[in-house]
Every structure is written in C-alpha cells, then in structure tokens.
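One structure is given below, encoded as structure tokens.
Each reported figure results from applying straightforward, stated rules to the coordinates on display, with no laboratory input. Given the structure is predicted, the values throughout are model-derived calculations rather than measurements. Glycine gets a Cβ as well: all are built from the backbone with ideal geometry, and neighbour counts include every protein chain shown.
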Amino acid sequence: MKIRVGVFFGGKSVEHEVSVISAVQAMKNLNEEKYDIIPIYITKKGEFFTNAVMREIKAFEDVDLLLQKSQRVTFINYENKVVMTKYPAKKLGKNDISYIDVALPVTHGTNVEDGALQGYFKSLGLPFAGCDVLSSAIGMDKYVSKVLLRNGGFPVVDGYRYSFVNYKNPENVVNDIEKKLEYPIIIKPVNLGSSIGISKVNTKEELEVALEDAFSYASAIIAEPCVANLREINCSVLGDIEFAEASECEEPLNASDILNFHDKYEDGGKSSKAGMASLKRKIPANISDELRENIRKTAVESFKYLNCNGVARIDFLLNNHTQEFYINEFNTIPGSLSFYLWDKIGMKYNALLDRMIELALKRFRQESEITFSFDTNILSNAGLGSKGSKL
Amino acid sequence: MEIIFYLSIILSAIASVISIINNIHIFQLNYYRTDTQLSWLMKNKCLLVFNAFAFLLGIFSIKLWYSPIILLIVIFLFYIKKNYKKETKKPLVYTARVKRLLVTTFIIVLALYSLIFITSTLDVLVIACVFAFSPVIILIANLINQPIEKAVQRYYINDAKKILKSHSSLIIIGITGSYGKTSMKYYLTTILNGKFNTLMTPESYNTPMGIVKTIRTELKPTHQIFVCEMGAKWVNDIKEICDIVHPHHGIITSIGEQHLESFGSLENIVKTKLELADALPENAVLLMNGNSDAIINNLPQRKYELYGTQQADKSDSFSYTAFDIKASRSGMSFSIKSEKEVAENLSAKLLGEHNAINLVGAVAMAMKMGMTIDEIRPQLRKIKGVPHRLQLLDKGDITFIDDAYNSNPNGCKAALDTLALFDDYKVLVTPGMVELGGMQDELNEQFGRQAAKVCDYVILVGEKQAVPIKKGLYEENFPAKQIFVASSIHSALSHINVIKTDKRKIVLLENDLPDNY
C-alpha cells in the first residue's frame, strides 16, 4: 500500500512553464518504493488533467496534443478520502481513477503559490505539502510580508505600496515616490515571484517606464530604496513551526544588478531540464562563516515566525560593505524546491520530498485533532429547558 | 363481512410489518444471535401478549368461524397504535444484512398469506398466525440467509486481510478488557497522534465486522498505527478478531464481570481476554492493568508489563505507575514513574481513578512506540472525556458527570467516588445495572446502599429496575422524599430542574440502557 501522491503543477500563473520543469524533476526524485506518483497538470485556464506520460518533460513539447490524450479530472471528498474522478463523468463504466492521499503542489506564482490552490486542498480535506493558506498568501505579497517581518523585528528595507487606484494619477505616484525615496529606486509588483516586472531606476523617466511595466503585472506595486553594494544571498528552510533547519546559502550571479525573469529561468531553459539548478550561481555563497550563520538563523526564525511549512527559500539583500542584510522575499514554493541547496549539505532530493510529505501529514493530523461525536446525545435532546439549549 | 375480512388482512399485514421491524431492531442489538434473541423474548414475555392473543383467536377461529375476527382487528389496532413510530435511542440501521433479512422475511410472509386463498377453513388462523409468529419468522429467515451471510462476511474479512497485508509497515495495537477499552482507545490514539498518523476503530466498533469495516473504508496508506478495540461477549471472540488483524502489541485494560451472562463464568472471561496475549508475536509489548485483581491472579506465560496507580502493596511490580493524583472540577493531575524516568505534573481534563489507570496505560504504550514525555505531555491535555464515560459537562448552572454507557458494579462505585469529591448538591440519575445474571438484583441493591452515602437526591428510571436500588437506599435510611422514580430518561432529566436547592447541582448520569431493556 503505497502513499498516493498527487503532484500538482502548471496553473494560471506567469511561471507556468517553470513549474512544469520543477514538477518533472520532483517526480523523478520521489521514492517509488514509498509512493504512487500521480501527475496532475493544471492548465493555464485552471483545468486539471492527468496522464502517466506527464512524468516526462518530453510530453510537454506539444501541450495541445498532450491534453487531447489526457484525462480531465476533478476531485471529490468521499467518506474522508479524496477521489480523483473523470470529468465529465462517463455514463457507463468506472469514473474514479484513484484516491489521492497527499498533494504535492510544485507550482509557482499567483493563483497556485499564493494560498488559492492551498485553500482548494483544504476545502477538499486533502493533506498537502508546503505552506498553509495564510503563510502562502503572506509569502506572495511582498508588502504584507515586509510589514509583518518588520513587526517581528526582522531586517527589511523600507517600502511604499501604491495600488492601481493611486496609479489612476501616475504623476502623483511618481512625485510621491520621489519625495520619499532617493535614486536608485527599486520598483516591483507586489505579488509576483521570479523577478517579473522588477526594475531598478535612476531617473524620473526610468521610474515612469518601470511603473507602467510593474502595473501591467499586478494591481499594486512597491517602491523601495536600493541597497548599496548589493549582493543577493538565498537560503532555504525546511520544517515547520516546531522544528526547522536551514540549507546552504547560495549567491545567484548575473550580469545585471537584479535577477530578471530571463536570467532566472530561461537561461536554464526547458531543454536542460535542470530549471533553477542550472542557473549561474555560487554555492556555497562566498561569505564569512559568521554572516552565513546569521543569515541561516534569520532564515529559520522568520520561517517559523510566518508559520511556514515544508520547504521555502528566503532571499536576502546584502550590503557587501557594511555586511548588513535584509529579507527581500519569501518563496513558499521555490524553484526546483531548492533541492540543490539541500544537496550541498548532504540531504538528497528524495529525502527532502519525504520530509515535505511527512510534514504535510503532520499538519493535517494536528488540524483534524479527533473530535468525538456519538450518534446519540440524550442530553442535548432532553428537556433541560432554555438553559440546556444554550450549548 | 367481506369488508371486515379484508380489513383484517390489511391490519394483520401492517401489524406484522411493524412487529417484524421492531424484532429485527432488537435482533440487531443482539448481534443477530438466535440464542440471545430467544432469551430476550423469554425475558420480555409481556411484549408477546398481543402475539399470544392473536394466536389464541386464530385457534378459536377454526371452531368459531368468523366471530373472533372482530377481536383480532382490535388487537391489531392496539398493537399498531402502541408500536408505530416508537421512540428509540439507537435506531435500527438498515444495513445490507438487514435488507437481505427483510427480503427473505417478506417472501415467507407473502407465502403464508397466499395460504388464505388456498384454504377457506384456516384463513383466519393464517391471518392471526403471521402476526403472532412474526418474532419467530425473522429467526427462520435469518436461518435461511445464514449461508449467504457467512459468504458475505468471509468476502469482507478476506478483503480486510488483503488490505492489511499490503500495508506491511502498519503497526497494529489491540486493546481489550472488560471495562475501559473504549476510553483507552481514545486516549492512546490522541497521544499517538502527536507523532504518528493513527487510525482507530471509531465509536464503540469492536466486533469482527466493525473492525473489518474500519479497515476497508478508513485505513489509508498514510496511516502508521492502527489502534483496534476488540470486544468480546463469548469465548473465542478475541481470537477471531486477532486472526483477522494479527496485532503487533496489546493492552488488556481490565477483567471483570461485564457480559457475565453470555460468557457463563469469570474463567471464560479471563480465558477470552488472554486470547489477545496468546495472539501476540514473541517480542510484542503487552501492557496489562495491574490494578485489576483478575489480571494479577491470571498472569499469562509470556512477557508482559504492568501499569496502574500506586497502591500500598501491589504497585512495586508495576513498570509504569501513576502517583500523586489530584482531582478538581477542571480535571486531574498526576505523575508517572517508569523504570527509566519520573514524569511530573501531567494533566488531563478527565475524572476518576479508572481514568488515571487508563492514562498510565496509554502513556506507557506511547512511550513504547518511541514518544518522549515531552511529546506526550501536550497530547494529554488534548484528551477529551469520552462521551458518556465519566465525562464532565458544564451546562449552565448544572454540572453533569455523564457516565451513561455500560455501567457495571466497579464502574458505578468509581462514579459515586468521583461524585463524592464535589461539594455541590449531588444528584444521581440511573436505571441501575443490567446483564449481570443472577447477581443483578443483589448488585443493584448494593449500588443503592453506596448511593445513599454519597447522594443528596436520587432519580431512578423505570419502575421494574428501580425496586432493588430503592431497597438499598432505604436500608441506609435515605429519605423517601429525595427519591423520584421516572418513567423515562427524558422525564428524569426534566425532573432535575424541579429539585429545589440553593447549591449548585452536580448530576451523575449513571448507565443509560439500550432499547432492548
């Protein structure tokens, strides 16, 4: 009796393709002795499809053809088990394809990493790996996480939030930003991962272009000061609120000052199958032992503070001169699930996935602490008058 | 005349259907056992008055022709009025088995009715007898269905065995005992859930088919431990369950007089409970309640460990001992001494000495499964009282100790001891104890004497059951005006509000009989 793991990927997100790469990698590394692996591809329209061939990246070369050959499915909780069933249902024959015991979402970006998909799993009563609804949502919103982290005493840079309502008058936004911050300034959409729509601007003209770009991706943006002598250091954390540990630190390397989408994923390319792992990066990051430990400690503490679960990657901004660092963002489902950071400290990818699934089941168990209900309750039916019914 | 004749057929049919369903209901509560059902019928002869009258009238009709038919109709009407939509506490569950039984029963009934049209001399006799013998007809139908039922059960059992076999890493913990096994199951599961994905047999499922159903419908590949409550009413019952689930570890919570009637003797009860010890593999953990005399006097040949609460002379041989037990309205606190360590200041929202014993047993098993005391401690606080088992309930200005399930002499005494700890106005609501064989009246009388020392007010449910308890109460000079005999549990509970006192009321609800009493 193997545990049936539904690996969910794709979705209505700009990081759809990256998710496919991450998921195929994960499926290759799940221990088949322990798990039955069920690939579940979420189309850009949000439909669920399954097909055994989805475990190979080749299958995604022609998505339209793949979908024709695949079964569209839906999920139903029946007698406390989650069943994957054919949609639309066939009039004759069996519609149930398989039970799903636990979901492993390997999805990136809005709608699938921000708590929405997680909420769907919760409503279904399906245990799922990774952050819960709230921590996913916090992790996705750069402004909300900044406010919360600051409140918890964690180092973050200042930031100002502007919504599309403010942006109805772009000039006001530009003036306000210029009043509050000095160039160079960073403009980024409030809730996108993978560096999409992020710009570093030095002049008013650049700021105007950057705002236009950022607002095309999101309904709110943040403006924040640029950290001087910038280096980026990333660290992954695995665990839950009770116990969590930090991975090796990495320093992503690139030509420009900021990672943009092109650097981050497309250089790795689909064909390399390596996703994030193939990005130009330095592991371990070339930093002092003291700094490394400080960053790892901050990573673990902030992970617990936001009640994260499973694996997350926390990206830091480092001022290389002062050695001051700031939490830049939380990736609650990091690219390639950050396995390459764990590999470096001796944790194999399959062990990382085992741990994530264990943690998923642990959380589900804790949330569904047994409630005892008996079919007879004579006290509640008894004539105890109005006082009895107060229950 | 013809109209009356057909009316009698229709009323006979309606009365028979009601009688069949009511009897199947009892049959279900009696675990579909013909012998139990027959002795139940013998014990409740008064319910068969209608059937007897109908039968006699049927006999008379051979000689007297149609004249008894009017009386028959009256009997049918009375029966229908009395039994239609009778209020029941544990209603008939229309399982596949019950449906099959109903089909066979109705085929027999239809075959009998068809005789009406074949014979003209015995037609009224048939009309009377279908109703009169309906309690027996279901037993005959059950006999006819027996081979089908056996085959269906065998299929389910084999399926459950197959599922368990494919789940090779699952650890199975069997729990049996005369009393306390359901509580133990809940407590142990709550503790184990702190570290392991644990499945338990739900509610009071503890028969082979109940366990098989749990395995077939609820066991998931993600479960790591299966806590299986094993109930027994007859010799060999535990062995039968063990042959299906093959437990890896076991707990025996107590050995006592529960179900003495069906077991026949205390030796048989001991033998049956120890079937669990026999079924365990050599290196298994077997934990037994050292506070139970019947266990201490019948220790098994194999390796075992004892748990319990501290006692002057006995507890030295215990591997896990609870001591320093304190009780209050918010529950109990205690410490546990094991061979390795002493864990202090454990607490749970439970009452009663027997619960302290159960908690040590559950903690001991959790430790054996690899949980540390720090992992166990928070889980203990999550334990809720099992409904209807010394469960503390706060309902506005009345506190209830709900101990409605399956009372027995030890349990009743323990419940009274718990009640005695409170300063409030102490009310006892009880119908007394049943299923105790020849000792029943004597034990109920003793219960009355014990209650007299503790309670301020006693509400007894049911005239018949109340007699011996009342006797016991009077023996201890309990004032008659502080006794009330109620006809039903509902009117008993309503009466609580009538009692006048300045103090806060605490109500012990002791035993609550299923519908077959």
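What to note about this one:
- For chain B, the longest principal axis of the Cα atoms and the long axis of helix B:181-192 meet at an angle of about 50 degrees.
- Amide H contacts under 5 Å for A:Phe128: A:Ala103, restricted to partners 5 or more places along the chain or on a different chain, H placed in the peptide plane at 1.01 Å from N.
- Chain A: angle of helix A:142-151 to the longest principal axis, Cα-based, in degrees nearest 10: 90 degrees
- Helix A:170-180 and the longest principal axis of the C-alpha atoms of chain A enclose an angle of approximately 70°.
- In region B:297-434, the inverse of the mean reciprocal separation of distinct Cα atoms equals 16.3 Å; this is its Kirkwood hydrodynamic radius.
- Too-long pairs where the Cα-Cα distance tops 29 Å, listed order kept, from B:Lys81/B:Lys500; A:Lys142/A:Lys297; A:Lys44/A:Lys69; A:Lys45/A:Lys180; B:Lys90/B:Lys326: B:Lys81/B:Lys500; A:Lys45/A:Lys180; B:Lys90/B:Lys326
- Seen from a random direction on average, the alpha-carbon convex hull of chain B projects onto 27.4 square nanometres.
- In the protein assembly as shown the Cα-Cα distances spread across 20 Å bins starting at 0 as 12, 33, 30, 19, 6, 1 percent of all pairs.
- In chain B, the DSSP beta bridges split such that about 30 percent are antiparallel, to the nearest 5.
- DSSP-defined beta bridges in the protein assembly as shown - what % are antiparallel, rounded to 5: 55 percent
- Packing-based exposure ordering (other Cβ within 10 Å, fewest first) of A:Val237, B:Val109, B:Val498, B:Val485: B:Val498, B:Val485, B:Val109, A:Val237
- Counting Lys and Arg as +1 and Asp and Glu as -1 over every other residue whose Cβ lies under 9 Å from the Cβ of A:Lys12, the net charge comes to +2.
- Only the Cβ atoms of Lys and Arg (+1) and of Asp and Glu (-1) were treated as charged; on that basis the dipole of chain A about its Cα centre amounts to roughly 1420 debye.
- Dipole axis of chain B (+1 Lys, Arg; -1 Asp, Glu on Cβ), positive-most option in B:Leu71, B:Met184, B:Pro208: B:Leu71
- Among A:Ile38, A:Ile295, A:Ile97, residue whose mean-square fluctuation peaks in a GNM of chain A (springs only between Cα atoms under 10 Å): A:Ile97
- All lysines inside 24 Å of B:Lys471 as judged from Cα atoms, apart from same-chain residues fewer than 8 positions distant: B:Lys43, B:Lys413, B:Lys426, B:Lys453, B:Lys481
- Annotation: lysines with alpha-carbon distance below 20 angstrom to A:Lys348 (same-chain offsets under eight excluded): A:Lys28, A:Lys34, A:Lys273, A:Lys282.
- Calculated P(r) of region A:3-128 - Cα pairs past 17 Å, %: 55 percent
- Exposure proxy order (Cβ contacts within 10 Å, fewest to most) of B:His354, B:His495, A:His108, B:His249: B:His495, B:His249, B:His354, A:His108
- Residues B:Met209, A:Met140, A:Met27 arranged by fewest to most Cβ contacts within 10 Å: B:Met209, A:Met27, A:Met140
- The mean sequence separation of alpha-carbon pairs under 8 Å and at least six residues apart, normalised by the residue count of chain B, gives a relative contact order of 11 percent.
- Relative contact order for region A:3-128, counting Cα pairs under 8 Å that sit 6 or more residues apart, in percent: 31 percent
- Residue among A:Val173, A:Ile222, A:Ile186 farthest towards the positive dipole end of region A:160-225, charges placed on Cβ: A:Ile222
- Label zone (B:Val136, point 7 Å along Cα-to-C-beta; backbone nitrogen cut-off 18 Å) within region B:45-70: B:45-62.
- About the centre of its Cα atoms, the protein assembly as shown shows a dipole size close to 2620 debye [charges on the beta carbon of Lys, Arg (+1) and Asp, Glu (-1) only; nearest 20 debye].
- Chain A - percent relative contact order, Cα under 8 Å, separation 6 or more: 17 percent
- Pairs of alpha carbons in region B:391-510 whose separation is greater than 24 Å (percent): 16 percent
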